[in-house]
Amino acid sequence: MILDNQRNFKQYEAIHQGMRAAYDFIQRQDLETLEVGKHVIDGDNVFAMIQNYDTKSVDEGDWEAHKKYLDIQYMIDGTEAIKVANIEKMEVKQPYNNKDDYWLFTGEGDTITLQTGMFAIFFPEDVHKPGIQINQEAAPVKKAVIKILLG
């Protein structure tokens, strides 16, 4: 897992060929005005999901991981906590769904904070529980989740 500020994103381009397209997307000046939903960047290879929601309690969230896609979560506006853990420390709660590229887990992990202008990159071994409220107070966030096909 990587946690960093948007101004440093370019230094991670060597991770995967799709990172350049993700970087270009994040650099857009109009992310705040993009509509909620899927935005195709490079077909099924790179796409973004724009999300607007209120953060929730840690008990309401699900631990998730992905096999096919690298998961980049970029905070457009707001702050949320994200729980993180290595997949080897977790127990499978719901088997892998190949069609939607996710599986669910139970277990314990650490907490990171994602603030406006920050991003987190989750690899297949990085189980994460996003959208968690800070200080038990729900707050609105707008986030881009960018998916890069690993194949």
The strands (runs of 3 or more DSSP E) lying entirely within region 95-151 that contain at least 3 residues which are modelled with pLDDT of 95 or more and buried (at least 20 other Cβ atoms within 10 Å of the Cβ) are 118-122, 126-132, 140-149
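Suppose we filter I112, I82, I76, I87 for residues that are farther than 30 Å from T33 by Cβ and of a type outside the set (S, T, N, Q); which single one remains? Talk me through it step by step, then tell me what you get.
Values: I112 fails: farther than 30 Å from T33 by Cβ; I82 fails: farther than 30 Å from T33 by Cβ; I76 fails: farther than 30 Å from T33 by Cβ.
Matching residue, one of I112, I82, I76, I87: I87.
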Sort out which residues of region 8-19 are touching a residue at least 12 places away in the same chain (Cβ under 8 Å) and in a helix (DSSP H, G or I), and write them in order of number. F9, K10, Y12, I15, M19
Only one of (1) touching a helix residue (DSSP H, G or I) at 6+ places or on another chain (Cβ under 9 Å); (2) exposed (fewer than 13 other Cβ atoms within 10 Å of the Cβ); (3) not polar (S, T, N, Q) fails for D30. Which number is that? (1)
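Find the residue count for region 40-70, including only residues that are without any contact (Cβ under 8 Å) to a residue 40 or more places away in the chain and in a strand (DSSP E or B). Please lay out each step first, then the result.
Filtering region 40-70 down to residues without any contact (Cβ under 8 Å) to a residue 40 or more places away in the chain leaves 40, 42-43, 59-60.
Then drop every residue that is not in a strand (DSSP E or B), which leaves 40, 42.
Looking only at that region, the number is 2.
Looking at this structure, is K83 among the charged types (D, E, K, R) and part of a strand (DSSP E or B)? Let's see the steps before the verdict.
Values: among the charged types (D, E, K, R): yes; part of a strand (DSSP E or B): yes.
So K83 passes the test.
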Take the conditions charged (D, E, K, R), more than 30 Å from Q29 (Cβ to Cβ) and touching a Leu at 6+ places or on another chain (Cβ under 8 Å) and apply them to K93. Does it pass? yes
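Test D54 against the criterion of being at pLDDT 95 or above and within 13 Å of the chain's Cα centre (by Cα), and give yes or no. Explain how you work it out, then say what you get.
On the way: at pLDDT 95 or above: yes; within 13 Å of the chain's Cα centre (by Cα): no.
No.
The values are calculated or read from the model by the stated rules, or taken from the named source; none is laboratory data. Note that the coordinates shown come from a computational prediction; the quantities given were computed from them, not determined experimentally. FYI the Cβ positions are ideal-geometry reconstructions off the backbone, even for glycines, and counts take in every protein chain you see.
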